[in-house]
Amino acid sequence: RKGNTILKILNKLWRPKDRRKHVRAPVSSTVKFRILDSKNPVICSRMIQGKVLDISVEGLCIGTNTVQIDGLHVFHPSSPYQNKLEIEVELRPDLPRLRTLAQVKWYSRVEDEMGWIYKMGVNWESLSESDQQTLKSFLKKKDRSLIQEK
């Protein structure tokens with residue numbers, strides 16, 4: 001018993017810290033994106049549907065069934081050229097959609113309630129001033145509702 005308590009304390013102390021600067025709010029918004037070829041941005045994929053799993057001022061996590069389409073892949077860790085995403089996020093039906101370029105930082109295949117999907121960590125690249133304001137006010141309201149739920 002005593003060893004068990006010490007082990008729990010040590011696990012809390014040694015748990016890896018989240019490296020993100022910004023807290024990500026869980027959401028279930030919709031996202032559409034297309035992959036832009038890094039060598040020739042005129043070349044792009046068809047639109048892909050996805051779901052926003054969480055979001056912050058820095059970026060978002062997307063759940064999708066597709067990471068490769070029309071000869072383009074969202075992420076090549078070994079390539080010096082990184083394909084970009086052109087994304088459109090609907091946070092809520094009453095808010096303007098966020099439209100911007102973004103870069104995939106990581107992806108992995110995971111199982112969720114719908115079967116196997118891909119999760120992608122994506123960083124905003126060029127959010128306009130108005131999109132930044134929309135996002136910040138959305139996150140503020142989301143933050144307040146999370147605090148009220150507790």
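The values are calculated or read from the model by the stated rules, or taken from the named source; none is laboratory data. Quick caveat, the model's predicted, so the values are computed rather than measured. Cβ: placed from backbone, ideal geometry, glycine included. Neighbour counts: every protein chain shown. Protein only, heavy atoms only, side chains kept; ligands, DNA and RNA dropped before computing areas. Shrake-Rupley method; radii C 1.70, N 1.55, O 1.52, S 1.80 Å.
In table form, for the structure just shown:
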item: Yes/no for Leu95 being of a type in the set (A, V, I, L, M), in contact with a Cys (Cβ under 7 Å, 6 or more places away or on another chain) and open to solvent by less than 50 Å² (accessible area, probe 1.4 Å); result: no
item: Close pairs (6 angstrom Cβ cut-off, 6 or more residues apart or separate chains): within 15 Å of Ile35 (Cα to Cα) and among the aromatic types (Phe, Trp, Tyr) in segment 70-96, open to solvent by less than 70 Å² (accessible area, probe 1.4 Å) and modelled with pLDDT under 90 anywhere; result: Tyr81/Ser38
item: Members of segment 54-79 that are farther than 20 Å from Val42 by Cβ, open to solvent by 30 Å² or more (accessible area, probe 1.4 Å) and outside any strand (DSSP E or B); result: Val57, Glu58, Asn65, Thr66, Phe75, Pro77, Ser78
item: Residue in segment 28-51 that is under 26 Å from Lys136 (Cα atoms), under 12 Å from the mean Cα position of the chain (by Cα) and modelled with pLDDT under 80 present; result: yes
item: Odd one out for Met114, checked against (1) surrounded by 11 or more Cβ atoms within 10 Å (Cβ to Cβ); (2) of a type in the set (A, V, I, L, M); (3) at pLDDT below 90; (4) in contact with a Gly (Cβ under 9 Å, 6 or more places away or on another chain); result: (1)
item: Pairs where the first residue, in segment 25-44, is in contact (Cβ under 8 Å) with a residue 24 or more places away in the chain and within 16 Å of Val122 (Cβ to Cβ) and the second is exposed (fewer than 15 other Cβ atoms within 10 Å of the Cβ) and of a type in the set (A, V, I, L, M, F, W, C), C-beta under 6 Å, 6+ apart; result: Lys32/Met47; Arg34/Met47
item: Failed item in (1) without any contact (Cβ under 8 Å) to a residue 60 or more places away in the chain; (2) more than 13 Å from the chain's Cα centre (by Cα), with Leu139 passing the rest; result: (1)
item: Residue list for segment 97-115, restricted to those being among the hydrophobic types (A, V, I, L, M, F, W, C) and either in contact with a Ser or Thr (Cβ under 9 Å, 6 or more places away or on another chain) or touching a residue at least 40 places away in the same chain (Cβ under 8 Å) (or both); result: Leu98, Leu101, Ala102
item: Residue in segment 57-66 that is in contact (Cβ under 8 Å) with a residue 12 or more places away in the chain, more than 28 Å from Glu129 (Cβ to Cβ) and not hydroxyl-bearing (Ser, Thr, Tyr) present; result: yes
